[in-house]
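This structure is in structure tokens; I'll ask about it shortly.
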Amino acid sequence: MASSLPEILEIIDTWSVRVVRFLYCDTSGIVRGKATAAGRLKSRVEGGIGLVKGMMAMNLLDQMQTATGFGATGEVRLVPDLSTFVVLPYAPQAAAILCDMQELDRTPWKLCPRNVLKRQIEQARRLGLSIEASFEPEFTLSVEEEGAIRPIDRSLCFSTDGMNRAARFANNFMDALERQGIPVEQYYPELGHGQHELSIGHAPALAAADHHIWYRETLRGVAFNEGLEASLTPKPFLDQPGNGCHLHLSLWDSASRQNLFAAPGGLSELGLHFVAGILEHLPALVALTCPSVNSYRRIQPGSWSAAYICWGYENREAAVRVPSTYWGQEEASTNLEIKCVDSSCNPYLALAAVMAAGLDGVRRKLAPPAPVDADPGSMTPDKLSEKAIRRLPLTLKDALEELKRSSLLQDVLGEELLNTFFLVKLSEVRAFAEKDIEFELVHHRNKF
Ligand code: GLU
Ligand code: MG
């Protein structure tokens, strides 16, 4: 890992790096960028690389939404965060670096997603708090056969058959992550055909979102080199389980480094306030955590993707799960798992929004309803209303309407970004409504 330009230049020399990609994640969750010749890196670090503002108004079909006010005019600079520099293990003689977006006068651009997250980190810091987080993606490995794309296995959940068939890929993927400084935790074949899960360690909020970008890039890059297609798409095949990307987080006292969610036998009072904040804002939050048309095919009752607004200890049908802690590491491992998150999100915006909702609960000392210890999908409508359990929005369009009404998320994103996000995403709702399901699946599978 490098954090200064001289160190980076030395690494570039050692590894004969030819190009350095300057990357960002756009409004629609797509990772894009421009690369500089390695020999020009120094001047690009000082001056950034120009980006037309309209790129943040692009939807995932590359249709620019000029109604946002952004189009052919106006430019920002992609300015690299040197601490994120990595040599790419899956692309020859290439390195990459994650960028912030700055106006020409060097101030942060209002639409810069990393800056949105940095603002929330600062909000937490002012309360003496810091967030540790980890995105936990599931993905599907497929191959193209006779023009059709099919999962690589029909193996069962956690089965050794699935492990054997994906063993070479899993090893290469792990190696590639670890070479970029991302610690791997667990790996196993998941429930669906070709579906696998490999989790990574938690990190401070900004690094956690950065890691999810590297994860997505590395997964698809390593798979491509093996002749495989890897996709983190929420619902890549209609007849198979969806790919979640559960978000784990814990809240720490910045000074004493104590996990403030931890309490003997459960969740602390502060943790309960945080849960209550998330539940209150969840209908609008999902527009950012599950932001694609395809996302809502995944969030269905009975699929452990958590279709209902409730929380519970070890309840895999609740939107917020409190997982059991690790033996001997009770304090360190206490965390919340938000299940209604998927990899079509922009991780900076998703994490910023979840943090803001939780912190709102902390500030207002909100109390959540009682934890739910049963599957809400099996409850009668009367039972659901007695327990005040509501369904999450059923479509992206419904979630966007909730987002537009949320003053909290308006504050988190700022008016310009919220408006841009709304219009870009609404354009996707319209574009996919005009086509068949196969079009939707193909156009999500090949981007996430
Ligand atoms: N695949 C499920 C989802 O879409 C999650 C299964 C699990 O609990 O790991 O969220
Ligand atoms: Mg899983």
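The values are calculated or read from the model by the stated rules, or taken from the named source; none is laboratory data. All of these numbers come straight from a predicted model, not from anything done at the bench. Using ideal geometry, Cβ is built from the backbone for each residue, glycine included, and neighbour counts are taken over all protein chains shown. Heads up: the accessible areas ignore ligands, DNA and RNA and are worked out on the full protein's heavy atoms, side chains in. Shrake-Rupley method; radii C 1.70, N 1.55, O 1.52, S 1.80 Å.
How much mean residue ellipticity at 222 nm does the chain get from its helices, if each DSSP H run of length 4 or more adds -39500 (n - 2.57) and you divide by all residues, to the nearest 500 deg cm²/dmol?
Helices in the chain give a 222 nm mean residue ellipticity of -11500 deg cm²/dmol.
Could I ask something else about it? Using +1 on the beta carbon of Lys and Arg, -1 on that of Asp and Glu, and nothing else charged, what's the dipole of region 145-273 about the Cα centre, debye to 20?
Computed about the Cα centre, the dipole is about 80 debye.
Multiplying the sequence separation of Leu238 and Glu415 by 0.36 nm and subtracting their Cα-Cα distance, what value in nm do you get?
The Leu238-Glu415 span can extend by a further 60.1 nm.
Okay, moving on. Averaged per residue, what accessible surface does the chain expose to a 1.4 Å probe, in Å²?
The answer is 42 Å² per residue.
Which of Lys34/Lys339; Lys34/Lys110; Lys42/Lys118; Lys339/Lys447; Lys339/Lys435; Lys118/Lys365 have a Cα-Cα distance over 27 Å? Intermediate results must be reported in sequence, preceding the final value.
Numbers: Lys34/Lys339 33 Å; Lys34/Lys110 20 Å; Lys42/Lys118 25 Å; Lys339/Lys447 21 Å; Lys339/Lys435 29 Å; Lys118/Lys365 24 Å.
The answer is Lys34/Lys339; Lys339/Lys435.
Out of Ile213, Leu417, Pro264, whose Cα points farthest toward the positive end of the dipole of the chain (charges: +1 Lys, Arg; -1 Asp, Glu; placed on Cβ)?
So the residue furthest toward the plus end is Leu417.
Considering region 223-328, what Rg and Dmax in Å follow from its alpha-carbon atoms?
Using the Cα atoms of region 223-328, the pair Rg, Dmax is 16.7, 50 Å.
When the chain is fully extended, how far beyond the present Cα-Cα distance does Arg168 get from Val52, taking 0.36 nm per residue of separation?
Details: separation 116, 0.36 × 116 = 41.76 nm, distance 4.07 nm.
Stretched fully, the Arg168-Val52 segment lengthens by 37.7 nm.
Take the alpha carbon atoms of region 147-277, find their radius of gyration, then divide it by 2.2 N^0.38 Å using N residues; give the quotient.
Compactness ratio reported: 1.26.
What do you reckon, how do Thr107, Thr73 stack up by accessible area (1.4 Å probe), largest on top?
Listed by decreasing accessible area, they come as Thr73, Thr107.
Rounded to the nearest 20 debye, what is the charge dipole size of the chain about its Cα centre when +1 sits on each Lys and Arg Cβ and -1 on each Asp and Glu Cβ?
Around 960 debye, computed over the chain.
Another question about this same structure. For region 344-408, what is the Kirkwood hydrodynamic radius in Å, using each pair of distinct C-alpha atoms?
Kirkwood hydrodynamic radius for region 344-408: 14.4 Å.
Provide the net charge surrounding Phe448, with neighbours chosen by a C-beta distance below 10 Å and charges set as Lys +1, Arg +1, Asp -1, Glu -1.
So the surrounding residues net to +3.
For region 123-204, which GluC sites (Glu not before Pro) are both in a DSSP coil and crowded by at most 14 other Cβ atoms within 10 Å? Provide the component values of the computation, followed by the final result.
Details: sites: Glu132, Glu138, Glu144, Glu145, Glu146, Glu178, Glu185, Glu190, Glu197; in loops: Glu146, Glu190.
Here the GluC sites (Glu not before Pro) that fit, given the DSSP loop and packing criteria, are Glu146.
Using only the heavy atoms of the protein chains and a 1.4 Å probe, how would Tyr188, Tyr90 rank by accessible area, largest first?
Descending order: Tyr188, Tyr90.
Based on the Cβ-Cβ distance from Ser4 to Lys383, what FRET efficiency comes out when R0 is 41 Å, to the nearest 0.05?
0.10
Next up: Express in nm, to one decimal, how much length is gained between Ser43 and Glu434 on full extension, taking 0.36 nm for each residue of separation and deducting their alpha carbon distance.
Here the segment from Ser43 to Glu434 would lengthen by 136.2 nm.
Follow-up. Given a 1.4 Å probe and heavy atoms of the protein chains only, how would you sort Glu440, Glu10, largest accessible area at the top?
Accessible-area ranking of Glu440, Glu10, largest first: Glu10, Glu440.
Where in region 106-133 does the label zone of Arg363 land, with the point 7 angstrom along Cα→C-beta and an amide N cut-off under 18 Å?
Within reach of a label on Arg363, which here means backbone N under 18 Å from a point 7 Å along Cα→Cβ, region 106-133 contributes 116-131.
While we're looking at this one, here's another question. Please state the Cα pair-distance histogram of region 304-448 with 10 angstrom bins from zero: what percent is in each bin?
In whole percents, the pair-distance histogram is 9, 31, 36, 21, 4, 0.
Ratio of alpha-carbon Rg to the 2.2 N^0.38 Å globular estimate for region 26-92, to two decimals, please.
Normalised by 2.2 N^0.38 Å, the Cα Rg of region 26-92 equals 1.29.
So, one more: Quick one: what are the phi-derived ³J(HN,Hα) couplings along region 214-221, Karplus 6.51/-1.76/1.60 with θ = phi - 60°, whole Hz, x for glycine and proline?
4, 4, 4, 4, 5, 3, 6, x
In addition: How large, in percent, is the carbon and sulfur part of the accessible surface of region 299-348 at a probe radius of 1.4 Å?
Exposed carbon and sulfur together represent 55 percent of the surface.
For Cα pairs less than 8 Å apart in space and 6+ apart in sequence, what is the mean separation divided by the residue count of region 63-194, i.e. the relative contact order in percent?
Relative contact order here is 18 percent.
Taking only C-alpha pairs under 8 Å that are 6+ residues apart, what is the relative contact order of the chain in percent?
Dividing the mean separation by the residue count of the chain yields 17 percent.
Continuing with the same structure: Just read off the accessible area of Lys435 with the full protein assembly in place, 1.4 Å probe, to the nearest 10 Å².
About 110 Å², ignoring ligands and nucleic acids.
Sticking with this structure for a sec: Percent of Cα-Cα pairs more than 37 Å apart in the chain, please.
On the way: 21541 of 100128 pairs.
Counting every Cα pair in the chain, those more than 37 Å apart make up 22 percent.
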